[in-house]
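Here is the structure we will look at, set down as structure tokens.
The values are calculated or read from the model by the stated rules, or taken from the named source; none is laboratory data. This is a predicted model, so every value here is computed, not measured. Don't worry about glycine lacking a Cβ; one is built from the backbone with ideal geometry, like all the others, and counts go over all protein chains shown.
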């Protein structure tokens, strides 16, 4: 018996349990994303008008990625309904580029992931988040069509609302944090400068002084006919003095650019390009401005505040940072200790409670077990009691049963209203289904089990003699085999 024939008999157009990953799950994205929630959804999502931090721990398959996608979709709807008080969403879920650049700063044995991550600090996370936010902002100002960002509206940003100091702040942030590969960094910066209508010709004063000094010497010698002066040192000293300010500015900003490159360890910068961009600012525009040129968070907080000020003028009232897939980077490779080294610096109350920013940390359950082992200093710094802490994304048998029914309804053919109980004969009661689902624990195991159950049942019967209800014997035998595989997965010796 074909599985599609079996599903069509029950009034279902597509297999509701074929997908296991929320990233590619069309049933979830098409229907369930706005109607099916984990019981702790309200605490995790919060109120977009006042973004708040949530720290969530969940085992593999418990729905962390689904929650991230749900948050992004709901914030898309929120932004559509509140165009003058939107939320800027930063998706911080691909750590590989940042870890690669960070690791490249080390050599020899220090390049080993465990040794390199011992040097990872909070400001590295802040640099990564700022780079994602600034790159997204520039993409949206310039209207880069190939760039796609979560919860972003198609309409252009109201850049005319930015004053001169905020235009300067945007260009300063772009100089330090824009990581787009769409075009050359200097060209992109100048394209943005023209868009923001910020004049940079006053920064060319040192060129003017040098050219004026050179022309003055040559004109004076020609006018007086003192060509013999060219054989003395004095004309050249005067010309050198005229070019002195230019040389001094080049050296100064080259040194500053090198410091920024050295201390933004997760970013990819070219020192010479960065120097040229920094020299496009006048002294009055850039002197005293924060730059990420030291190993500390103070400058990053100031730059983050600048980004928030710019976004506020562009009608964004808050920022939400979605942190997910911590166990997936190839340098981490699922190691609990490496995940701890990467994430623990972020657990800082000052950062997590920064006004106007809500971080949604969707973390593996392995890290939750380490929290109670930490010392008093860690708990005082993290203050997890203030962070909407959810120690486990637990699913009861009843909630998983509701989830299964929601997916079945989402895949129902027009005019039909199937439910889960329709698939089983009378010997498998609702109580037994709930008990079995509770043992599966998480949605991913539920989907895998139901898909295997449907397949096993269909393979046991022919097209000529179809059986439309799954017997209790088939249910129990498939469940027993699946629980054995589930146990092997939990012990790390099976594929799940």
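Numbers at a glance
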read-out	value
Qualifying residue in the range 141-163 (condition: part of a helix (DSSP H, G or I), touching a helix residue (DSSP H, G or I) at 6+ places or on another chain (Cβ under 7 Å), under 17 Å from residue 89 (Cβ atoms) and in contact (Cβ under 8 Å) with a residue 12 or more places away in the chain)	yes
Residue in the range 325-347 that is crowded, with 21+ Cβ neighbours inside 10 Å, free of Cβ contacts under 8 Å to residues at least 40 places away in the same chain and over 21 Å from the mean Cα position of the chain (by Cα) present	no
Among (1) surrounded by 19 or more Cβ atoms within 10 Å (Cβ to Cβ); (2) on the phi < 0 side of the Ramachandran plot; (3) in contact with a strand residue (DSSP E or B) (Cβ under 9 Å, 6 or more places away or on another chain) - the single one residue 153 does not satisfy	(1)
Boolean, residue 75 is over 27 Å from residue 298 (Cα atoms), buried (at least 22 other Cβ atoms within 10 Å of the Cβ) and outside the structural domain of residue 405 (by TED's automatic domain parsing)	yes
Residue list for the range 55-72, filter: surrounded by fewer than 24 Cβ atoms within 10 Å (Cβ to Cβ) and over 19 Å from residue 328 (Cα atoms)	70, 72
Among the residues listed as 94, 81, 104, the single one being surrounded by fewer than 22 Cβ atoms within 10 Å (Cβ to Cβ), under 16 Å from the mean Cα position of the chain (by Cα), modelled with pLDDT under 95 and more than 25 Å from residue 383 (Cβ to Cβ)	94
Pick from the range 139-188, criterion at pLDDT 90 or above and under 16 Å from the mean Cα position of the chain (by Cα), ranking: farthest from residue 198 (Cα to Cα)	179
Complete set of residues in the range 40-54 that are assigned to a loop (DSSP other than H, G, I, E, B) and surrounded by fewer than 20 Cβ atoms within 10 Å (Cβ to Cβ)	40, 46, 47, 49, 50
Condition met for residue 255 (at pLDDT 80 or above and either buried (at least 18 other Cβ atoms within 10 Å of the Cβ) or closer than 30 Å to residue 290 by Cβ (or both))	yes
Residue in the range 408-417 that is on the phi > 0 side of the Ramachandran plot and not in a helix (DSSP H, G or I) present	yes
Answer residue from the range 1-37, given it is assigned to a helix (DSSP H, G or I) and surrounded by 16 or more Cβ atoms within 10 Å (Cβ to Cβ) and is farthest from the chain's Cα centre (by Cα) among those	6
Single residue of 385, 402 found to be in a helix (DSSP H, G or I) and more than 30 Å from residue 341 (Cβ to Cβ)	402
Test for residue 367: is it in a loop (DSSP other than H, G, I, E, B), closer than 25 Å to residue 95 by Cβ and in contact with a strand residue (DSSP E or B) (Cβ under 7 Å, 6 or more places away or on another chain)	no
When residues of the range 276-290 are limited to those that are outside any helix (DSSP H, G or I) and without any contact (Cβ under 8 Å) to a residue 60 or more places away in the chain, the one surrounded by the most Cβ atoms within 10 Å (Cβ to Cβ)	290
Filter result (out of contact with any strand residue (DSSP E or B) (no Cβ under 9 Å at 6 or more places or on another chain), in a loop (DSSP other than H, G, I, E, B) and within 15 Å of residue 457 (Cβ to Cβ)) within the range 418-440	427
All positions within the range 384-393 that are free of Cβ contacts under 8 Å to residues at least 60 places away in the same chain and either surrounded by 15 or more Cβ atoms within 10 Å (Cβ to Cβ) or over 30 Å from residue 94 (Cα atoms) (or both)	none
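One line per residue, one yes/no per condition, for (1) farther than 30 Å from residue 105 by Cα; (2) outside the structural domain of residue 103 (by TED's automatic domain parsing); (3) surrounded by 14 or more Cβ atoms within 10 Å (Cβ to Cβ); (4) within 45 Å of the chain's Cα centre (by Cα):
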position	(1), (2), (3), (4)
221	yes, yes, yes, no
243	yes, yes, yes, no
251	no, yes, no, yes
269	no, yes, yes, yes
274	no, yes, yes, yes
